[in-house]
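> I have a structure here, written as structure tokens, and I will follow up with some questions on it.
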Amino acid sequence: MRSHSCGDLRTDAIDTTVLLSGWVDRRRDHGGVIFIDLRDRSGTVQVTVDPDLGPEAFAVAEHLRNETVLQVEGRVRARPEESLNERLATGAVEVLAQTLNVLNAPSRNLPFAVSVHDDEQVREELRLRHRYLDLRRERMRRNLTLRHQTVQTARRFLEEEGFIEVETPVLTRSTPEGARDYLVPSRVCGGEWFALPQSPQLFKQLLMVGGLERYYQVARCFRDEDLRADRQPEFTQLDMEMSFLDQEQILELNERLITRIWKTVKGVELPQPFARMTWHDAMERYGTDRPDTRYGMELVTVSDIVADMGFKVFSGAVATGGSVKCLAVPGGNDKVSNVRIKPGGDVFSEAQKAGAGGLAFIRVREGGEIDTIGAIKDNLSEEKKAELLQRTGAEPGTLILFGAGDTPTVNKALDRVRQYLAKELELIPADAWNFLWVVDFPMFEFNAEENRLEALHHPFCAANRDDLGDDPQRWAETLPAARAQAYDLVLNGLELGGGSLRIHDAALQQQVLRTIGLPEQEAQEQFGFLLEALEMGAPPHGGIAFGLDRMVMLLAGEDSIRDTIAFPKTQQARCLMTAAPGGASERQLEELHVASTWEEPEEN
């Protein structure tokens with residue numbers, strides 16, 4: 001069907017006869033000579049159709065439509081100097097057509113332009129409805145090629161390091177903790193259900209018990225959760241597990257993996273080692289466990305300064321076990337007006353979306369004087385004012401925003417405001433790659449709704465032995481406050497991947513399950529196979545999983561992972577192209593021993 005790809009032709013092919021196949025990107029009639037930009041996955045080349053040299057080909061060219069699938073046979077020649085196209089890799093040559101053969105032609109109007117020359121912004125809904133057309137566009141071709149290069153680089157690196165690729169089951173059983181499962185009814189085991197895996201977690205641990213030592217997989221995972229721009233109901237992880245390595249060795253190996261990917265795919269040399277920060281420091285300084293460290297504006301705790309001042313919003317928060325934190329915005333006096341911080345303003349709205357009732361603020365003027373509305377200035381002594389300015393590093397022109405209340409809400413609100421203002425004030429440096437390992441996570445967090453502890457990551461993370469102690473009889477009391485040997489890799493404020501050392505002691509695993517309130521019988525039903533395996537000589541092991549879709553999104557400079565996936569779902573977990581999910585027949589439901597209780601909501 002072809003001797004060359006369209007994007008491969010260079011000056012060394014001049015005077016050779018070639019056979020090309022591709023799509024008509026555009027057709028231009030220049031009064032007697034027709035030019036066709038022929039496109040395939042490799043690129044675009046100009047085809048010239050001259051009626052004096054090929055009258056039959058010219059007759060075909062006169063009626064070509066964009067996106068016609070075309071075969072061209074012709075001779076490669078140098079383009080005239082005045083028509084060289086430096087924007088194309090093939091811009092120094094053209095193909096003088098001898099024959100044109102239409103392989104297929106569109107029989108209906110296209111919903112949007114596909115041409116590489118068209119910069120039209122197409123609605124995402126329309127692009128997803130006709131994804132097969134969107135995939136022909138340069139942006140999607142480039143992103144999917146970059147995705148392929150990323151996976152290829154990772155595979156080569158891991159195989160050099162002694163890893164082997166192993167597939168794990170897609171049909172498994174539902175387990176507690178984590179997000180909501182996608183369930184699949186069993187036809188042959190009536191009344192029983194499979195679950196699609198949220199990750200290969202337990203299987204990869206069992207591979208370590210099985211002595212495979214170093215495993216990896218490009219794994220498909222499924223979570224039935226509310227979606228965002230960087231989440232999908234089905235997604236891909238670069239998943240790995242390894243035996244006989246401690247935490248530091250695992251982090252070092254994965255730094256080399258990430259460095260190899262960025263060098264190969266982006267041509268960027270990343271400095272090593274990556275920065276480290278404890279979970280506690282991240283929450284104190286940024287209000288989040290995935291901080292964006294490309295810019296400053298760190299959170300500063302000032303609870304001790306304001307605890308006994310007359311401003312009840314502050315003193316009340318501290319008295320009830322909460323905290324007061326502030327955010328110093330350099331140059332904020334000129335760029336952030338009072339109206340924006342008060343109810344109805346955009347900055348106020350950002351804080352409110354995170355659960356805060358509002359923001360207090362002061363402005364630092366020349367000479368260190370503070371200007372504010374309300375009771376802060378009147379109740380802040382000169383000594384405490386000096387301490388506040390010293391602790392925040394605020395200079396004249398600085399806007400200081402305060403959050404007060406329960407600490408999780410204060411952290412969430414100021415983190416959101418910090419990120420919002422950094423974008424608004426253009427404080428984020430371009431082309432910065434700030435990698436950060438966040439370590440020493442708590443083992444558990446308290447679930448107030450269910451009045452119990454739950455695993456912060458998952459219940460298979462190993463506890464820090466210094467916190468746990470060596471006496472198994474005391475694990476029930478030492479475990480709840482222990483740190484996990486867990487680690488997340490954060491890039492520019494987004495979690496790129498996370499992992500931990502795993503529990504390889506059956507007794508400790510049973511204690512963790514008891515700590516999260518899982519009854520003994522239920523623990524055996526859900527995890528009996530794992531507990532049994534741990535009793536049979538499980539090696540020390542740990543692992544990590546990177547979100548491949550998100551990694552490619554960052555490498556490609558996209559804002560949504562949907563633009564790095566060939567056939568993604570919408571934020572309502574629908575495929576607009578195939579109209580999935582869809583209904584099932586009564587016969588299918590009967591075979592699966594299930595019935596639908598869904599009723600269409602009444603229209604108002």
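> Which members of region 437-465 meet the condition of being closer than 30 Å to Pro271 by Cβ and acidic (Asp, Glu)?
From region 437-465, those closer than 30 Å to Pro271 by Cβ are 437-442, 456-457, 461-462, 464; that's our starting set.
Across region 437-465, the qualifying residue is only Asp440.
Residue by residue, here is whether (1) in contact with a strand residue (DSSP E or B) (Cβ under 6 Å, 6 or more places away or on another chain); (2) at pLDDT below 95; (3) crowded, with 20+ Cβ neighbours inside 10 Å; (4) not polar (S, T, N, Q) holds:
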position: Ser5; (1), (2), (3), (4): yes, no, no, no
position: Thr16; (1), (2), (3), (4): yes, no, no, no
position: Leu19; (1), (2), (3), (4): yes, no, no, yes
position: Arg28; (1), (2), (3), (4): yes, yes, no, yes
position: Asp40; (1), (2), (3), (4): yes, no, yes, yes
position: His63; (1), (2), (3), (4): no, yes, no, yes
position: Val72; (1), (2), (3), (4): yes, no, yes, yes
position: Glu86; (1), (2), (3), (4): no, yes, no, yes
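> Let me ask something else about it. Quick one: which of Ala545, Ala579, Ala538 is at positive phi and either buried (at least 20 other Cβ atoms within 10 Å of the Cβ) or without any contact (Cβ under 8 Å) to a residue 12 or more places away in the chain (or both)? Steps first, answer last, please.
Details: Ala545 fails: at positive phi; Ala538 fails: at positive phi.
Sole residue among the options that is at positive phi and either buried (at least 20 other Cβ atoms within 10 Å of the Cβ) or without any contact (Cβ under 8 Å) to a residue 12 or more places away in the chain (or both): Ala579.
> Next question, about the same structure. Filter region 365-408 down to the residues that are small (Gly, Ala, Ser), surrounded by 15 or more Cβ atoms within 10 Å (Cβ to Cβ) and on the phi < 0 side of the Ramachandran plot, then identify the one that is nearest to the chain's Cα centre (by Cα).
Our first condition is that a residue be small (Gly, Ala, Ser); within region 365-408, this holds for 367-368, 374-375, 381, 386, 393-394, 397, 403-405.
Pick out the ones that are also surrounded by 15 or more Cβ atoms within 10 Å (Cβ to Cβ) and you get 375, 394, 397, 403-405.
Then keep just the ones that are on the phi < 0 side of the Ramachandran plot; that gives 375, 394, 403-404.
Numbers: Ala375: 43, Ala394: 34, Gly403: 28, Ala404: 31 Å.
Across region 365-408, the extreme among qualifying residues is Gly403.
> Given the conditions (1) at pLDDT 95 or above; (2) charged (D, E, K, R); (3) open to solvent by 70 Å² or more (accessible area, probe 1.4 Å); (4) under 30 Å from Lys266 (Cα atoms), report the number of the one that Glu532 does not fulfil.
(4)
> Return the residues of region 589-604 that are open to solvent by less than 90 Å² (accessible area, probe 1.4 Å) and either in contact with a Phe, Trp or Tyr (Cβ under 7 Å, 6 or more places away or on another chain) or polar (S, T, N, Q) (or both); say none if nothing qualifies.
Ser596
> If you go through region 118-130 one residue at a time, do you hit one that is outside any loop (DSSP other than H, G, I, E, B), aliphatic (A, V, I, L, M), surrounded by fewer than 17 Cβ atoms within 10 Å (Cβ to Cβ) and in contact with a strand residue (DSSP E or B) (Cβ under 7 Å, 6 or more places away or on another chain)?
As a first pass, look at region 118-130 and keep what is outside any loop (DSSP other than H, G, I, E, B): 124-129.
Now narrow it down to the ones that are aliphatic (A, V, I, L, M): 126, 128.
Of the ones still in play, those that are also surrounded by fewer than 17 Cβ atoms within 10 Å (Cβ to Cβ) are 126.
Those left that are additionally in contact with a strand residue (DSSP E or B) (Cβ under 7 Å, 6 or more places away or on another chain): none.
Checked against the condition, which is being outside any loop (DSSP other than H, G, I, E, B), aliphatic (A, V, I, L, M), surrounded by fewer than 17 Cβ atoms within 10 Å (Cβ to Cβ) and in contact with a strand residue (DSSP E or B) (Cβ under 7 Å, 6 or more places away or on another chain), region 118-130 yields no hits at all.
> Only one of Asn411, Asn447 is out of contact with any helix residue (DSSP H, G or I) (no Cβ under 8 Å at 6 or more places or on another chain), open to solvent by less than 30 Å² (accessible area, probe 1.4 Å) and under 28 Å from Gly322 (Cβ atoms). Can you tell me which?
Working: Asn411 fails: out of contact with any helix residue (DSSP H, G or I) (no Cβ under 8 Å at 6 or more places or on another chain).
Just one listed residue meets the conditions, Asn447.
> Now for a separate question. Considering only region 108-117, state which residues are among the small types (Gly, Ala, Ser) and either touching a strand residue (DSSP E or B) at 6+ places or on another chain (Cβ under 8 Å) or open to solvent by 60 Å² or more (accessible area, probe 1.4 Å) (or both). Break it down into steps so the answer makes sense when it comes.
If we filter region 108-117 for residues that are among the small types (Gly, Ala, Ser), which is where we start, we get 113, 115.
Ser115, the sole residue that qualifies.
> Further, regarding this structure: Suppose we keep only residues that are in contact (Cβ under 8 Å) with a residue 12 or more places away in the chain and acidic (Asp, Glu) within region 485-521. Which one would you say is farthest from Arg228 (Cα to Cα)?
Asp505
> Next up: Could we say that Pro429 is open to solvent by less than 10 Å² (accessible area, probe 1.4 Å) and assigned to a loop (DSSP other than H, G, I, E, B) here?
Details: open to solvent by less than 10 Å² (accessible area, probe 1.4 Å): no; assigned to a loop (DSSP other than H, G, I, E, B): yes.
Here the answer is no, as Pro429 does not meet what is asked.
> Another question about this same structure. Tell me, which residue of region 498-513 that is over 18 Å from Gly210 (Cβ atoms) and out of contact with any strand residue (DSSP E or B) (no Cβ under 9 Å at 6 or more places or on another chain) is surrounded by the fewest Cβ atoms within 10 Å (Cβ to Cβ)?
Here the residue is Ala507.
> List pairs: first in region 463-484 and under 18 Å from Arg452 (Cα atoms), second part of a helix (DSSP H, G or I) and of a type in the set (Ser, Thr, Tyr), Cβ under 8 Å, 6+ apart or cross-chain?
Every condition considered, the pairs that remain are Ala476/Thr515; Leu479/Thr515; Pro480/Thr515.
> Of the conditions (1) assigned to a loop (DSSP other than H, G, I, E, B); (2) within 28 Å of Asp281 (Cα to Cα); (3) over 30 Å from the mean Cα position of the chain (by Cα), Pro343 fails just one. Which one is it?
Status for Pro343: all satisfied but (2).
> Of (1) free of Cβ contacts under 8 Å to residues at least 40 places away in the same chain; (2) hydroxyl-bearing (Ser, Thr, Tyr); (3) closer than 30 Å to Asn109 by Cβ, Thr68 satisfies all except one. Which?
That leaves (1) as the condition not met.
> Among the numbered criteria (1) assigned to a strand (DSSP E or B); (2) surrounded by fewer than 20 Cβ atoms within 10 Å (Cβ to Cβ), which single criterion is violated by Ile36?
(2)
> Looking at Thr90, Thr99 in this structure, which one is among the polar types (S, T, N, Q), touching a residue at least 60 places away in the same chain (Cβ under 8 Å) and under 19 Å from Ile34 (Cα atoms)?
Numbers: Thr99 fails: touching a residue at least 60 places away in the same chain (Cβ under 8 Å).
Unique residue meeting the criteria: Thr90.
> Counting residues that are open to solvent by less than 40 Å² (accessible area, probe 1.4 Å), which strands (runs of 3 or more DSSP E) fully inside region 253-337 reach at least 2? Give the steps one after another, and end with the answer.
Details: elements: 275-278, 299-301, 323-329.
Ranges flagged: 299-301, 323-329.
The values are calculated or read from the model by the stated rules, or taken from the named source; none is laboratory data. In this text the structure is predicted, and so the values were computed from the model without any measurement. All Cβ positions, even for glycine, are placed from backbone atoms using ideal geometry, and neighbour counts span all protein chains on display. Side chains are part of the model used for accessible areas, which takes the heavy atoms of the whole protein and leaves out ligands, DNA and RNA. Shrake-Rupley method; radii C 1.70, N 1.55, O 1.52, S 1.80 Å.
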